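Worksheet: the structure to be examined is printed underneath.
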Amino acid sequence: MRTVGLTGGIACGKSTVAGLLRARGVPVLDLDQVARDVVAPGEPALAEIAAAWPQVVVDGRLDRKALGAVVMSDPDARRTLEGFTHPRIWERMEAWLSARASEGASVAAVEAALMVETGSYRRYDKLLVVSCAPAVQRARLAAREGYDPVTVERWLAAQMPLADKEAVADVVIHNDTSPDVLVAALDEAWSRILA
């Protein structure tokens, strides 16, 4: 089974592309959802996070914004968090891929936001990056999250530049305009992925 890593910059349309792939019958695992699952109430990673940063767990649930504020500007805290979560995420991902292969899927995609930053893109046969122009990205992020310009810039500064993600991609989709253009770009990109 061929595996495809799907990533992109924040607010570039990665999840939209994942939805389009699912609509075409491609199995897609949302690794960001798996990351949320491994810190759900009762999960061992949540207990580890609570021990490290008690202020980010409220009534037995993770306050994701509070945790984001802790790890956004502290690389050591981010590495500690990754130590709690990444092994559990990879274990669930490998089990999912194994199940898709057992079902006879010829291709499966794994969607994740920080695939290039963590180096995990190397786990897949191909890497598809969804990108867009910086002005488009800023406008989408502000509209989607309700962020002010300063917060938008903080989020973008905390992420790897889009050009660096594009540099390691097997295929890049530029999502700057309409949904129709995105569908056509995906058609072309997916044919290259499967070639």
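List of remarks:
- Compared with the alpha-carbon gap, the fully stretched path from Ala66 to Ala47 is longer by 5.3 nm at 0.36 nm per residue.
- Note on the chain: antiparallel DSSP beta bridges, both residues inside, total approximately 10 percent of the bridges counted.
- Along the stretch 167-173 the Karplus relation, 6.51 cos²θ - 1.76 cosθ + 1.60 evaluated at θ = phi - 60°, assigns HN-Hα couplings of 5, 9, 6, 7, 9, 10, 10 Hz to successive residues, with x for each Gly and Pro.
- Both radii were evaluated on the Cα set of the chain; the Rg over Rh quotient, with Rh as the Kirkwood radius, amounts to 0.97.
- Theoretical ellipticity at 222 nm over the chain - DSSP helices of four or more residues, -39500 (n - 2.57) apiece, nearest 500: -17500 deg cm²/dmol
- Contour minus Cα-Cα distance for Val150 and Asp76 (0.36 nm per residue): 24.3 nm
- Residues whose amide H falls under 5 Å from that of Leu29, counting only those 5 or more places apart or on a different chain, are Ala109, Val110, Glu111, with hydrogens built in the peptide plane.
- Anisotropy class of the stretch 69-158 from Cα gyration tensor, a/c 1.5 cut: oblate
- Listed by chain and number, the lysines whose alpha-carbon sits under 19 Å from that of Lys126, ignoring those within fewer than 8 places in the same chain, are Lys14, Lys165.
Any read-out appearing in this document is the output of simple, stated calculations on the displayed coordinates, not a laboratory observation. In this text, all values refer to a predicted model and were calculated from it rather than measured experimentally.
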